[in-house]
Amino acid sequence: MEKTFLMVKPDGVKRGLIGEIISRFEKKGYTLNRLELLTPSVEVAQSHYAEHKEKPFFGELVEFLTSGPVVAMEWEGENIVAVSRLMIGKTNPLDAQPGTIRGDLASTMSQNVIHGSDSVESAERELSLWFATEASHV
Ligand code: CMP
């Protein structure tokens, strides 16, 4: 079954949105396999956002992600990578449709409450980055 990496970002945790976000994926019928509340290290944040290394907002992105606890999660279900992206909504608040997580809960581009892997390959990479030691998290 397909797996993805979903993360409630520091703004989502601070605003008390963990339950709301988890609830949406549970109601959809997906299975939560792993969950960890942690404050990411700079190394993990830089590696997570490696594809944005050259972007002007890279420093800001890493600073934000390491600013407080996040909820790192592994979820499983049919076509979960693509469907969870639809449920999350677009990055730009002007494009995020009402009914999506960002459309309903986020109003800025940089503090947008949730991250979801954008492909099956990214999901595999991100899951092994965030849940490095398999046995200790099962
Ligand atoms: P995320 O889905 O976690 O993946 C990359 C992140 O970069 C994205 O969410 C946004 O939070 C952030 N991002 C994208 N574009 C910008 C931008 N122009 N300025 C600041 N942050 C951005």
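The values are calculated or read from the model by the stated rules, or taken from the named source; none is laboratory data. The structure presented is a predicted model; accordingly, all values stated were derived computationally and were not measured. Neighbour counts are summed over all protein chains in view; Cβ atoms, including those assigned to glycine, are modelled from backbone coordinates with ideal geometry. Accessible surface areas use protein heavy atoms only, side chains included; no ligands, DNA or RNA. Shrake-Rupley method; radii C 1.70, N 1.55, O 1.52, S 1.80 Å.
Structure data summary
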item: Surface share of carbon and sulfur [accessible, 1.4 angstrom probe, percent] for the stretch 59-117; result: 51 percent
item: Mean Cβ count within 10 Å, highest first, over the residues of peptides 35-42, 106-113; result: 106-113, 35-42
item: Rounded to whole Hz, the Karplus (6.51, -1.76, 1.60) HN-Hα couplings of the stretch 54-61, x for glycine and proline; result: 8, 6, x, 9, 4, x, 5, 5
item: For the chain, built as a Gaussian network whose Cα springs stay under 10 Å, the top-fluctuating residue of ASP95, ASP11, ASP118; result: ASP95
item: Accessible solvent surface per residue of the chain, calculated while the other protein chains remain in place, 1.4 angstrom probe, Å²; result: 53 Å²
item: Loop sites in the stretch 1-51: trypsin sites (Lys or Arg not before Pro), DSSP, at most 16 other Cβ within 10 Å; result: ARG15
item: For ARG34, residues with placed amide H under 5 Å, excluding near neighbours; result: GLU74
item: Net charge dipole size for the chain [Lys, Arg +1 and Asp, Glu -1 on Cβ; Debye, nearest 20]; result: 400 debye
item: Semi-axes of the equivalent ellipsoid for the stretch 1-95, Cα gyration tensor, largest first, Å; result: 23, 15, 14
item: Diffusion constant of the stretch 68-128 at 20 °C, which comes from Stokes-Einstein with the Kirkwood Cα-pair radius and 1.002 mPa s, µm²/s; result: 175 µm²/s
item: 3J(HN,Hα) from dihedral phi, the stretch 112-125, Karplus parametrisation 6.51/-1.76/1.60, rounded to Hz, x for glycine, proline; result: 10, 6, 8, 10, x, 4, 9, 7, 4, 5, 4, 4, 4, 5
item: Förster radius 41 Å - calculated FRET efficiency between GLU54 and THR31, Cβ distance, rounded to 0.05; result: 0.70
item: Karplus 3J(HN,Hα) series, Hz, for the stretch 79-92 with 6.51 cos²θ - 1.76 cosθ + 1.60 (x for Gly, Pro); result: 6, 5, 4, 5, 5, 5, 5, 5, 5, 6, x, 6, 5, 6
item: At 1.306 mPa s and 10 °C, Stokes diffusion of the stretch 16-56 via Kirkwood alpha-carbon radius, µm² per second; result: 123 µm²/s
